[in-house]
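None of the figures in this text is laboratory data; all of them are computed from the coordinates on show. All values reported here derive from a predicted model rather than from experimental measurement.
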Amino acid sequence: MSSRRSFRAVAVYCGSSNRVDSKYLDVATHVGTELASRGVGVVYGGGSVGLMGAVADGALQAGGRVDGVITDKLMDMELGHPRLTELIVTKTMGERKMKMASLADAFIGLPGGWGTLEEVFEVVTLTQLEYHRKPVGLLNAGGYYDHLVAFLDHAAGEGFIRPSHRGLISCASTIEGLLGQLEVAELPGVAGLF
């Protein structure tokens, strides 16, 4: 088993919609609060709406550091959070994702849609190919990711994800449990991949 990691900052990917059940907003607020209470900074997409805003607000209210990374297009839509520790504006989504990955020591996907899924799968692929050595996890709040986890097991069973790589995405129903898993996650690399 790996030695236990500590995290300076964790990137949080999550939905930006306000049209979701309030239980998801509550989870996001708790994630921000929990990270801040552990002295772990939050890196996220810089938005003020949906779960994104709730994560930031939870961390800020608990005295934590919150670094947002947002594109100029989204800033022009007035979606940037006005009270962050630092707000970095990029030209493209690609630059945004690269900057977030460089600032974080681990990655967590909260409930979200297309963007959240794309970001989680990109960073887990980068971990698998050893472009970085950072753990990735899904916060399966209220069973939100049950079907995705079942699909990943199916993909592994069909041979599209190697058994040694199936664990590259940790999954837990609480942020406390997920952080515990990420601290000790095994990160097998490219050896035997092809």
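For the chain, DSSP calls about 5 percent of its internal beta bridges antiparallel. For region 14-101, the ratio of Cα radius of gyration to the globular rule of thumb 2.2 N^0.38 Å stands at 1.01.
Evaluated on the chain, the Kirkwood hydrodynamic radius is 16.7 Å, with distances taken between all distinct Cα atoms.
Within region 133-194, the proportion of Cα pairs with more than 16 Å between them is 48 percent. Based on C-alpha pairs under 8 angstrom that are at least 6 apart in sequence, region 1-102 has a relative contact order of 25 percent.
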